[in-house]
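Only one structure is covered here, and it is reproduced in the block below.
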Amino acid sequence: MPFAIRIHETGGPEKMRWEEVPLETPGPGQVLVRNTAIGLNFIDTYHRSGMYPIAPPATLGMEGAGIVDKIGPKVNGLKTGDRVAYAQPIGAYAEWVLRPADRLVKIPSGVDDKTAAAIMLKGMTAQYLIRRTYKVKAGDVILVHAAAGGVGQILCQWAKHLGATVIGTVGTEEKAKLAHKAGCKHVIVTVREKFPERVKEITKGAGVPVVYDGIGKDTFMDSLDCLAPLGLMVSYGSASGAVAPFSLALLAQKGSLFLTRPTLMTYTAKREDLLKSAAELFTVVKNGAVRININQTYPLREAAQAHRDLESRKTVGSTLLLP
C-alpha cells in the first residue's frame, strides 16, 4: 500500500503522520496520479494548524506533479503515462493521489516534473496577482513583501519582465541577495529598516499603486502607509498570522484605498481560467523570464521537518517533498 502524510487533529508539525493509505480506483471524472514531486507552501501549515479549517483525518498538501497511472470513466484529453501537474484540491502529500481530471494540466516539454511541482500553486498565484488582481504594466513601481520566498521570487521576476520597478522586503541580508537576483531594484531588509519610510523615499513621497502582502499581521498596517491615493492593498497570505479586524474608515483616511483578499481557488475556478493561467506560467518559465529556484528538498516522510523549517523562515525560494 502507498503512504501519505496525514493529520488526525490540527496542531503543530508533530501532528503529521506517515501512514499507509488505500490505493484508490478512479471514478467518473477522476485520474489516479503517481506523484513524482510535491510542492511545500505556507497554506499547508495553515491547514495543519487549523488556521484554515479542514476536517481531519486529512492528507495535507496542495500542489504536485506526476504521471497518470489510471483514468476513470468520462475523462477526455488524458492518457496513461501523461505528465501532469495540479494545484488543488488538498491531498498532495502522498505517493499516489486521486485527482479530478478537470483540475489537472499537462506539463509541456521543456518543463521538468520538479519545476512543475514547485510552480503550480506559487506560480499561478503570482500570475493572477500581477495579471488580473492588479495588472502590472511597464513603469509601475510596486511593493512585494517576502520577495525571497516562493511566490515572491516568481512575482518579482515576472513583474520586472513586464517592465515594472520592484521594491522587495526581506528579513535577512542573505535573502536580500536572492531578492536582487529575482529582479528587485530596491530591497528593504526589515530588521534594520522601516519599510514605509524607505518606500516613500524611493518613490519621492508618491507611494506605490499596489502592495502584494503574503505576510499578514506583521506588515498589513504599515503596508497601507506605502500606498498612493486610490492604491490597492493585496493581502494574499498570513505567514505571520491573521490580520486583526480594523475600521474600514481607515481606508478612506489613508487615501480612498482599495483592499482585496484574493485566492487562487476563485481565480482558477473555471477550467478555461486554470488552463490560461498555467499556460502563461509555463511560457515565462520556458522562455527564461522566470527562473525557478528549488533550494530545499526533503523526503516526503520528513514533511514535518519541512514545516518546521518553513515556519521558522529557514527556507528560501521553493521547497519540494519527494516521494
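The values are calculated or read from the model by the stated rules, or taken from the named source; none is laboratory data. Computed from a predicted model, the values in this text were never measured in an experiment. Because the Cβ atoms are built from the backbone with ideal geometry, glycine has one as well, and the counts that use them run over all protein chains shown.
Elements of the type strands (runs of 3 or more DSSP E) sitting completely within region 124-232 and holding at least 2 residues that are touching a residue at least 12 places away in the same chain (Cβ under 8 Å) and over 20 Å from residue 293 (Cα atoms): these cover 141-144, 186-189, 208-213. Residues in region 77-115 that are of a type in the set (A, V, I, L, M) and farther than 12 Å from residue 67 by Cα were compared, and the one that is farthest from the chain's Cα centre (by Cα) is 101.
Say we look at region 208-252 and pick out the residues that are among the charged types (D, E, K, R) and in contact with a helix residue (DSSP H, G or I) (Cβ under 9 Å, 6 or more places away or on another chain); which of these is nearest to residue 129 (Cα to Cα)?
Filtering region 208-252 for residues among the charged types (D, E, K, R) gives 213, 217-218, 222, 225.
Remaining after also requiring in contact with a helix residue (DSSP H, G or I) (Cβ under 9 Å, 6 or more places away or on another chain): 213, 222, 225.
Details: 213: 11, 222: 20, 225: 20 Å.
By that ranking, first place goes to 213.
Here's a check for you: in region 225-245, which residue that is out of contact with any Pro (no Cβ under 9 Å at 6 or more places or on another chain) and modelled with pLDDT of 95 or more is nearest to residue 144 (Cα to Cα)? Steps first, answer last, please.
Applying the first criterion (out of contact with any Pro (no Cβ under 9 Å at 6 or more places or on another chain)) to region 225-245 yields 229, 233, 237-245.
Applying the additional criterion that residues be modelled with pLDDT of 95 or more yields 229, 233.
On the way: 229: 18, 233: 11 Å.
Of everything passing the filter in region 225-245, 233 is nearest to residue 144 (Cα to Cα).
Cβ-Cβ below 9 Å, separation at least six or inter-chain, first residue in region 33-60 and not assigned by TED's automatic domain parsing to the domain that holds residue 303, second at pLDDT 95 or above: which pairs? No pair meets every condition.
Kindly check whether there is at least one residue in region 123-145 that is touching a strand residue (DSSP E or B) at 6+ places or on another chain (Cβ under 8 Å), closer than 30 Å to residue 322 by Cβ, of a type in the set (Asp, Glu) and modelled with pLDDT of 95 or more. No: zero hits.
Going through 274, 257 one at a time, which residue ends up being at pLDDT 95 or above, within 19 Å of residue 135 (Cα to Cα) and outside the structural domain of residue 205 (by TED's automatic domain parsing)? Give the steps one after another, and end with the answer.
Numbers: 257 fails: outside the structural domain of residue 205 (by TED's automatic domain parsing).
When all the criteria are applied, what remains is 274.
For region 263-316, a residue qualifies if it is without any contact (Cβ under 8 Å) to a residue 12 or more places away in the chain, in a helix (DSSP H, G or I) and of a type in the set (S, T, N, Q), and the qualifying residues are 266, 283.
Considering each of 165, 169 in turn, give the residue that is of a type in the set (Val, Ile, Thr) and in contact with a His (Cβ under 6 Å, 6 or more places away or on another chain).
Being of a type in the set (Val, Ile, Thr) and in contact with a His (Cβ under 6 Å, 6 or more places away or on another chain) holds for just one of 165, 169, which is 169.
crowded, with 20+ Cβ neighbours inside 10 Å, closer than 24 Å to residue 267 by Cβ and of a type in the set (Val, Ile, Thr): does that describe residue 54?
Working: crowded, with 20+ Cβ neighbours inside 10 Å: no; closer than 24 Å to residue 267 by Cβ: yes; of a type in the set (Val, Ile, Thr): yes.
Here the answer is no, as residue 54 does not meet what is asked.
Taken as a whole, the condition of being touching a Leu at 6+ places or on another chain (Cβ under 6 Å), polar (S, T, N, Q) and part of a loop (DSSP other than H, G, I, E, B) applies to residue 256.
I'm trying to understand the selection: among the residues of region 78-93, which are closer than 21 Å to residue 282 by Cβ, in a loop (DSSP other than H, G, I, E, B) and of a type in the set (A, V, I, L, M)? Within region 78-93, 78, 87, 92 qualify. Of all the criteria given as (1) assigned to a helix (DSSP H, G or I); (2) closer than 22 Å to residue 143 by Cα, the one not satisfied by residue 240 is (1).
Taken over region 27-55, the criterion of being closer than 23 Å to residue 150 by Cα and charged (D, E, K, R) is satisfied by 44, 48.
Any chance region 68-77 includes a residue that's under 21 Å from residue 281 (Cβ atoms), crowded, with 18+ Cβ neighbours inside 10 Å, assigned by TED's automatic domain parsing to the domain that holds residue 7 and modelled with pLDDT of 95 or more? Looking for residues that are under 21 Å from residue 281 (Cβ atoms), crowded, with 18+ Cβ neighbours inside 10 Å, assigned by TED's automatic domain parsing to the domain that holds residue 7 and modelled with pLDDT of 95 or more, one finds at least one in region 68-77, hence yes. Against the criterion of being among the acidic types (Asp, Glu), under 18 Å from the mean Cα position of the chain (by Cα) and at negative phi, residue 218 does not qualify. Among the residues of region 124-132, are any under 25 Å from residue 171 (Cβ atoms), among the charged types (D, E, K, R) and surrounded by fewer than 22 Cβ atoms within 10 Å (Cβ to Cβ)? No, because not a single residue in region 124-132 is under 25 Å from residue 171 (Cβ atoms), among the charged types (D, E, K, R) and surrounded by fewer than 22 Cβ atoms within 10 Å (Cβ to Cβ).
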